[in-house]
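Readers should treat all values here as calculations from the given coordinates under stated rules, not as data from a laboratory. A quick note: this is a predicted structure, and the numbers were derived from the prediction, not measured. Don't worry about glycine lacking a Cβ; one is built from the backbone with ideal geometry, like all the others, and counts go over all protein chains shown.
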Amino acid sequence: NAENGGVHRIELCENLAVGGLTPSYSLIKKVIEELSIPVNILVRPREGNFVYNDEEFNKMKKDIEFCKRIGCHGIVSGILYDNGSIDIARTGELIELSRPMYFTFHRAFDIITDPLEALSSLMELGVDRILTSGHEETALQGIALLKELKDTAKDKLTIIAGGSIRSSNIVHFKNAGFKEVHSSALLDRSEHSDVNEIRKLMVLVEN
């Protein structure tokens, strides 16, 4: 549905009901083989918080190596400390391991205590994109912080607004100057993206 709807790339994950987890290797391989658009892979070994033990961290590194080997476009991931700050060392290791793939810091950003300090740290680490709802339940509620983050980041990295963005509200993000947004394009509690909703989103983004 995503490719048929004309999207520029997808983020692949499983178990969206818990915020998304790392997809199986077989699913990643199948999607890479079948789609011609870039595919980013969510690397998140379990539901819950974003504080990981050594075993989980090693699993994340193996997942990234697999994604790199089979030609994925990018990785979507991130690691925090218990106090709500970024685990700079481990996140930096994931970023370096991901190269030359793109690296997006995911919505763990939305539970970080100081978003502007975190933005500065992620720019120094060389993150390509941050996916965030602006520390609110939905991106529309967080649009003020999203705009502040975007204006602060300038051209050093891309802030991607994400969180209940649909064709009914995307105009607010376009008017605020966002070049990229993230949407599951789910309608009526469906588990699958709606191709007509994707097409509406693309028309509104590109015109």
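For the reader, a short list of remarks on this structure follows.
- Dipole axis of the chain (+1 Lys, Arg; -1 Asp, Glu on Cβ), positive-most option in Ile10, Val76, Phe105: Ile10
- The stretch between Ala89 and Glu180, if pulled fully straight at 0.36 nm per residue, gains 30.0 nm over its current Cα-Cα span.
- Most simply put, the chain has about 10% antiparallel DSSP beta bridges, counting only bridges with both residues inside it.
- Förster-model FRET efficiency, 25 Å R0, Asn53 and Glu137, C-beta, rounded to 0.05: 0.30
- FRET efficiency, 1/(1 + (r/R0)^6) with R0 30 Å, evaluated for Glu65 and Val203 via beta carbons: 0.20
- Relative contact order [Cα under 8 Å, 6+ residues apart], the chain, whole percent: 16 percent
- Cysteines having no other Cys beta carbon under 4.7 Å from their own, within the chain: Cys13
- Farthest positive-ward along the chain dipole, Cα basis, beta-carbon charges - from Ser133, Leu35, Gly20: Leu35
- Kirkwood-type radius of the chain, with distances r between different C-alpha atoms, in Å: 17.3 Å
- Counted by neighbouring Cβ atoms within 10 Å, the residues Phe173, Phe50 run from fewest to most as Phe50, Phe173.
- Stretchable slack from Glu191 to His172, in nm (0.36 nm times residue separation minus alpha-carbon distance): 4.3 nm
- Every helix of 4 or more DSSP H residues in the chain counts as -39500 (n - 2.57), and over all residues that averages to -11500 deg cm²/dmol at 222 nm.
- Listed residue (Ile95, Gly48, Thr158) projecting farthest to the positive dipole end of the chain, Cβ model: Thr158
- Stretching Asp82 away from Glu33 to a fully extended chain increases their span by 13.8 nm, per 0.36 nm per residue minus the current alpha-carbon distance.
- The range 124-207, relative contact order [Cα under 8 Å, separation at least 6], %: 25 percent
- About its Cα centre, the range 2-206 has a charge dipole of approximately 540 debye under the convention of +1 per Lys or Arg Cβ and -1 per Asp or Glu Cβ, with nothing else charged.
- Using the Cβ-Cβ distance between Asp151 and His73 with R0 set to 22 Å, the FRET efficiency works out to roughly 0.25.
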